[in-house]
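One structure below.
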Amino acid sequence: MTQMDGEAVLLKGEGNEPGWEVDPDDEWGLAIVATVGRQLKLRREAVGMRASKFGEAVGYGEDMVYKLESGKRIPRPEFLDRADEVLGAGGLLSAMKEDVEKVRYPKKVRDLADLEAKAVELLSYGSHALHGLLQTQEFAKALLMTRRPTAPEDQLEKALAARMARKAIYERSPAPELSFVLEETTLRRPVGGKMVHRKQLEHLLEMAQLRNVEIQVMPMDRWDHPGTGGRIQVLKFGDGTAVGRMDDEFNGRPVHDPRQLRILELRYGIIRAEALTARESQAFIEQLLGEA
């Protein structure tokens, strides 16, 4: 327990709950957490505060303080704020929250989020599931829970947090152009049950109102298009470069070569032309919502 503004405060879980361990294979993450830990220790020693006394001030046990200082645990954002205040760091520790928060997300998801954050245009065709940028939190969690073998709760929450964090792309200015083509079957599948399904359809209708977002539906009876091999995604950047991927082409690996990207864009263009228009798609989703 600590005293803040006259009230006792215990930082949530004292950092002991699962999901705040450092991934041993994430070199960037290890470096970030180690740097924060060193700064924390230097600041604590600079003010002549023992680890036990500091732990008492921030609501953590002495053992947890040592784990944080040695880079063995990922510090919580609220802990960094409190530590900054207790140690008089002048905002130095609080400023590390953004990088530390990213460490919690799996590396491959973090890399994808970084690419999306730089993209000026996104083209996405999904054959089996809604794109993560279109999912509600409830829908995303239900979808993640279908994975087998079943993931531990802490891994599930970490993956969910990472997926939701990618939605920061909608807050960018200028806004990137986002184009999605969704298969009808992915809209009819009631992932998470009736209420989660309805809220997901309502969310799609809301997203379709954004000026920089275009959502199209591919009816199930339109099978003669080049998307039968799986999802296609292309991200374009402001400097004219791009990266793309298709499940059954180039072994599913990201590609940068202009010739390979041309193939992906050609296929996406045909898919987009075969799908319902944005206005027809909105009416179609409204119809599905009425049936749900």
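Working only within segment 57-80, note down all residues that are under 18 Å from T35 (Cα atoms) and more than 23 Å from the chain's Cα centre (by Cα).
Listed by number, the residues that qualify are M64, V65, Y66, K67, L68, E69, S70, G71, K72.
Tally up the residues in segment 171-196 that are closer than 30 Å to W20 by Cβ and in contact with a helix residue (DSSP H, G or I) (Cβ under 8 Å, 6 or more places away or on another chain), please.
4
Consider segment 246-292. How many of its residues are over 20 Å from T186 (Cα atoms) and within 26 Å of the chain's Cα centre (by Cα)?
So the count comes out to 11.
Surrounded by 14 or more Cβ atoms within 10 Å (Cβ to Cβ), of a type in the set (G, A, S) and either under 15 Å from L178 (Cβ atoms) or modelled with pLDDT under 90 (or both) - does that describe any residue in segment 231-242?
Yes, that holds for at least one residue.
Within segment 131-187, how many residues are closer than 17 Å to D114 by Cα and more than 12 Å from the chain's Cα centre (by Cα)?
Of the residues in that region, 9 qualify.
The values are calculated or read from the model by the stated rules, or taken from the named source; none is laboratory data. Please read all numbers here as calculations on a predicted model, not as lab measurements. Here the Cβ is made from the backbone with ideal geometry for all residues, glycine too, and neighbour counts use every protein chain on show.
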